Amino acid sequence: MSLFQKTRALPGTLAAQLSIWGIALLLCVFLAGMGCHSSSDAALPPLTPQEERGKAVYDARCVACHDPYSTSGRQGPGLKGVFRKQSLPSGAPANDDRARDAIMFGRRNMPGFQYALEEQQISDLLAYLHTL
Ligand code: HEC
């Protein structure tokens, strides 16, 4: 007697086997999805110590007005990819000098940080902004 005939002879068992395989398949899809998620996180390069320090300054001083993970605005423009474009939101060239000026001296509705932050902190901030 072949295997096929055996399973046909026992439809209840076949149904049970199918549902076990179905559950196993669902589990695989679920785990694969989780694996995918964690591997895409792992694909992001870790921040260097300087970028980490910049992120700490950003989280304390800038995040309330600037979303780091989106280009949509809070009180100020979102800064995702700010240095990956040719120009800053104001139209000034997207380079460290222009961004440093904006941070030090402020802009229309942005306060300046020249007295609130040390030069090193602003350099750390710029390093972090390059990772966005
Ligand atoms: C009180 C809200 C506020 C805070 C806090 C703030 N900003 Fe801004 N920022 C703004 C606004 C509003 C603009 C848009 C200014 C304009 O009208 O050109 C802006 C613009 C900018 C720009 C773009 C400049 C350009 O030339 O387009 C950069 C870069 C920037 N901010 C970085 C920062 C950083 C880094 C911090 C933290 C040290 C910070 N901002 C803190 C409100 C803020």
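The values are calculated or read from the model by the stated rules, or taken from the named source; none is laboratory data. None of the values given here were measured: they were computed from a predicted structure. We place every Cβ from the backbone using ideal geometry, glycine too, and count neighbours over all the protein chains shown.
Restricting attention to the stretch 86-130, the residues that are part of a loop (DSSP other than H, G, I, E, B) and of a type in the set (A, V, I, L, M, F, W, C) total 6. Within the stretch 86-102, the set of residues being over 23 Å from the mean Cα position of the chain (by Cα) and closer than 17 Å to Val57 by Cα comprises Arg100, Asp101, Ala102.
Might you let me know whether the stretch 32-44 holds any residue that is assigned to a loop (DSSP other than H, G, I, E, B) and at pLDDT 95 or above? No, because not a single residue in the stretch 32-44 is assigned to a loop (DSSP other than H, G, I, E, B) and at pLDDT 95 or above.
Looking only at the stretch 88-99, residues that are more than 6 Å from the ligand (Cβ to nearest atom) and within 16 Å of Thr131 (Cα to Cα) come to 3 in all.
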